[in-house]
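Values in this text are rule-based calculations from the coordinates and carry no lab data. This one's a predicted model, so the numbers in the text were calculated from it and none came from an experiment. Quick reminder, even Gly has a Cβ in these numbers, built from the backbone with ideal geometry, and neighbours come from all protein chains shown.
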Amino acid sequence: MAKVPLSEQMEIQGVRIGVPRRAFLKSRRFCRFCRERVEFIDYKDLELLAQWVTERGRIPPRRINGNCARHQRQLATAIKRARIMGILPFVVQ
């Protein structure tokens, strides 16, 4: 069996040598609550809280939903209060 140079092996596998890759830039997400100048997130606002809970009933992290740290803490506290009060379910069935 003949030896194939590494550069040819990589080209066969679909990797191009010597071609710089472009950096993938994600668009910056801004906190929706900061944009709308929300001071306090109310636990009784079910419409708002339901938007921030996944279909499995989880609270997504900041890096996923794009909230700032302050509003993410307020949101998590409001969701937990609504769950304890019985307004929002703990787990969606």
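What's the extension gain from Val4 to Met85 if we count 0.36 nm per residue and subtract their Cα-Cα distance?
Details: separation 81, 0.36 × 81 = 29.16 nm, distance 6.82 nm.
This chain segment gains 22.3 nm when fully extended.
Would you please calculate the Kirkwood hydrodynamic radius of region 29-93 over all C-alpha pairs and express it in Å, rounded to one decimal? Mind showing how you got there, number by number?
Details: mean 1/r = 0.0837 Å⁻¹.
When all Cα pairs of region 29-93 are included, the Kirkwood radius is 12.0 Å.
Taking only C-alpha pairs under 8 Å that are 6+ residues apart, what is the relative contact order of region 29-93 in percent?
Working: 57 pairs, mean separation 27.8, N = 65.
Result for region 29-93 is 43 percent.
Starting with the highest mean, order 63-76, 35-48 by the number of other Cβ atoms within 10 Å, averaged over the residues of each peptide. Before the final figure, lay out the partial values.
Details: 63-76: 15.7, 35-48: 11.7.
Listed from highest to lowest mean packing, they are 63-76, 35-48.
If the label point is 7 Å along Cα→Cβ of Phe40, which residues in region 61-78 have backbone nitrogen under 14 Å from it?
Only 74-75, 78 fall inside the zone, counting backbone N under 14 Å.
Would any residue of region 29-50 have its amide N under 19 Å from a label point 7 Å out along Cα→Cβ of Arg70? List them or say none.
The answer is 29-43, whose backbone nitrogens lie closer than 19 Å to the label point.
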